[in-house]
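Enquirer: Can you keep this structure in mind? I'll have questions shortly.
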Amino acid sequence: MIKKYTMKNGETRYLFQTYLGVDPLTGKERRTTRRGFKTIKEAKQAERNLLLNVEENGLSSSQSEKTFKEVADLWFENYKTTVKASTAFNTKQKLDYMIAEYFEGMNIDKITVIFCQSLFIKLSQKYSMYANYASIINRILKYAVMLDIIKSNPIDKIIKPKSKEVEKKDNCYTKEELNAFLNLAKKESALFYTLLHTIAYTGLRRGEALALKWSDINFEEKILSVSRTTAYVDGKQVLQTPKTKASKRIIPIDDYTISVLKSWKLEQKKQYFKNGVSFLQGENLIFTNSCCTMFVPNEFSKKLRKFIKKYNLKPITPHGLRHTHASLLFESGIQPKEISDRLGHNNIQTTLDLYTHINDNQRYNVVEKFVNFMS
């Protein structure tokens, strides 16, 4: 289609709009507009030449017409089929943020080594785990290379900055601190105390604990089965398979924890009856709030912070209780392999790197063991 238009200086020019075909990259129809022709004849000739080139050489995925966002969206459509819904959701949030903050309207072929170097420095100064953001960008650019949209990945040539150093907080309790903490929790509510006790005595992740059903507890054999976790996807709290293959496990539990869970089960039944809700033995979640609905992770963490502030306790997170469980297992002399299996880690090194908390008692034990050996 040829159109006439008038420029600001009053001169007449012509443009053409034409359909080129389906983009081999995105699968979407592609149209183009070319302008600036002095005559209708020039415009028609340019349109014929363009269409002839497309017919002979095919519709190329011209890098000059591909923005970072277009390639990123295509990459994500493939990526989300390879991971859990929660992982895809979290990745999409990071990706959308980076596009809006750093890549808005930017053509992918304009992403240079200097740009990437500067961007990675900014990310490293802003996030302690900036590598998570950097990895997403790197994957998208590698994908663009694979599709022949760009010739090389500029990230391959940058010097990756060190991550921002973050002072590690003492997110762990000693045996004495844990006992005092749990005794105070008994004053709050049966639900709150049972949840805190269960995590502290089993080392479950927060999401694993909140996803437990009564069918996961075998009171006779004194074991707890971990087969799911909670996840936040598209604004909703859902249940999904655990973090890793090793996370799906069976954990022996002690007699006192059994009694705590049994006591809470009776209390929960009363709440269900009071609210006119049917209590389905095996299918009911263990940790539900007073409205008989899921006790979600953020709600739990918020309540824990208020509890700590109320009693002026040393700050700790739900994951800190898992950390505490692991550290006390080490202190009691349990072997790393057994601890790794109980925590659901893929290998012993993860356990040693992340959860070995050397407290004062352990430091003195080292000296005592050495002196005893020497004497």
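Enquirer: I'm spelling it out carefully: the read-out is Cα extents along the principal axes in Å, the candidates are [x] 65, 53, 37; [y] 96, 66, 38; [z] 79, 51, 40, and one was derived from this structure. Which label?
Expert: Label of the calculated value: [y].
Enquirer: Got a number for the accessible area of residue 238? Probe 1.4 Å, square angstrom, nearest 10.
Expert: 50 Å²
Enquirer: Using a 1.4 Å probe on the protein heavy atoms only, what accessible surface does residue 286 show? Give it in Å² to the nearest 10.
Expert: Its accessible surface works out to 0 Å², give or take rounding.
Enquirer: Post the alpha-carbon centroid distance, the stretch 224-302 to the stretch 148-191, in whole angstrom.
Expert: Value for the Cα centre distance between the two parts: 24 Å.
Enquirer: Turning to a different aspect of this structure: So if each residue of separation counts as 0.36 nm, and I subtract the Cα-Cα distance between residue 317 and residue 177, what length gain in nm does that give?
Expert: Numbers: separation 140, 0.36 × 140 = 50.40 nm, distance 1.39 nm.
Contour length minus Cα-Cα distance gives 49.0 nm.
Enquirer: Strictly greater than 28 Å: what percent of every Cα pair in the stretch 181-327 meets that?
Expert: 14 percent
Enquirer: For an R0 of 41 angstrom, estimate the FRET efficiency from the Cβ-Cβ distance between residue 164 and residue 187 and round to the nearest 0.05.
Expert: 0.55
Enquirer: Could you provide, to the nearest whole Å², the per residue accessible area of the chain with probe 1.4 Å?
Expert: Values: 22190 Å² over 375 residues.
Heavy-atom accessible area per residue stands at 59 Å².
Enquirer: Place a +1 charge on the Cβ of each Lys and Arg in the chain and a -1 charge on the Cβ of each Asp and Glu, then give the dipole magnitude about the Cα centre in debye, rounded to the nearest 20.
Expert: Dipole magnitude for the chain comes out near 1140 debye.
Enquirer: Rounded to the nearest 500 deg cm²/dmol, what is the calculated helix-only ellipticity per residue at 222 nm for the chain, with -39500 (n - 2.57) per DSSP H run of length n ≥ 4?
Expert: -15500 deg cm²/dmol
Enquirer: Let me check something: with ligands and nucleic acids excluded, how do 216, 156 order by accessible area (1.4 Å probe), largest to smallest? Intermediate values should be presented prior to the final figure.
Expert: On the way: 216 15, 156 115 Å².
Ranking 216, 156 by accessible area, largest first, yields 156, 216.
Enquirer: Ok, one more. At 7 Å along Cα-to-Cβ for each site, give me the label-to-label distance between residue 368 and residue 259 in nm.
Expert: 2.8 nm
Enquirer: To the nearest 0.05, how large is the calculated FRET efficiency for residue 246 and residue 17 if R₀ is 56 Å and r is the Cβ-Cβ distance? Walk me through the intermediate numbers first.
Expert: Values: r = 58 Å, r/R0 = 1.03.
Step by step, r from the Cβ atoms, then E = 0.45.
Enquirer: Same structure again: With charges set only on the Cβ (+1 for Lys and Arg, -1 for Asp and Glu), what does the dipole of the stretch 218-332 come to about its Cα centre, in debye to the nearest 20? Could the numbers behind the result be given before it?
Expert: On the way: 20 positive and 9 negative charges, 104 e Å.
Dipole of the stretch 218-332, to the nearest 20 debye: 500 debye.
Enquirer: Right, another one. Need the full-extension length gain, residue 147 to residue 55, defined as separation in residues times 0.36 nm minus the C-alpha distance. One decimal, nm.
Expert: 31.0 nm
Enquirer: Pull up all non-local amide H partners of residue 37: gap of 5 or more, or a different chain, and H-to-H distance under 5 Å with H placed in the peptide plane.
Expert: 14
Enquirer: Can you compute the radius of gyration and Dmax for the stretch 1-142, using only the Cα atoms, both in Å?
Expert: 20.3, 60
Enquirer: Could you pull the accessible area for residue 285 with a 1.4 Å probe, rounded to 10 Å²?
Expert: Accessible surface of residue 285 is approximately 30 Å².
Enquirer: Assuming R0 = 41 Å, can you tell me the calculated FRET efficiency for the pair residue 73 and residue 274, based on Cβ-Cβ distance, to the nearest 0.05? All intermediate terms of the calculation are to be shown ahead of the outcome.
Expert: Details: r = 49 Å, r/R0 = 1.20.
Once the sixth-power term is evaluated, E becomes 0.25.
Enquirer: Another one. Can you find, among 214, 233, 184, the residue sitting farthest towards the positive end of the charge dipole of the chain, where Lys and Arg contribute +1 and Asp and Glu -1 at Cβ?
Expert: Positive-end residue among those listed: 233.
Enquirer: Leaving ligands, DNA and RNA out of it, report the carbon-plus-sulfur percent of the accessible area of the chain at a 1.4 Å probe.
Expert: That fraction is 53 percent.
Enquirer: Which order do you get for 106, 1 if you rank them by accessible area with a 1.4 Å probe, largest at the top?
Expert: Reading off the accessible areas and sorting them downward yields 1, 106.
Enquirer: Further, regarding this structure: Ignoring ligands, DNA and RNA, how do 83, 71 rank by accessible area with a 1.4 Å probe, largest first? Walk me through the intermediate numbers first.
Expert: Values: 83 45, 71 0 Å².
Correct descending sequence by accessible area is 83, 71.
The values are calculated or read from the model by the stated rules, or taken from the named source; none is laboratory data. Keep in mind that this is a model prediction, so the values were computed, not measured. Backbone-built Cβ (ideal geometry, glycine too); neighbour counts: all protein chains shown. Heads up: the accessible areas ignore ligands, DNA and RNA and are worked out on the full protein's heavy atoms, side chains in. Shrake-Rupley method; radii C 1.70, N 1.55, O 1.52, S 1.80 Å.
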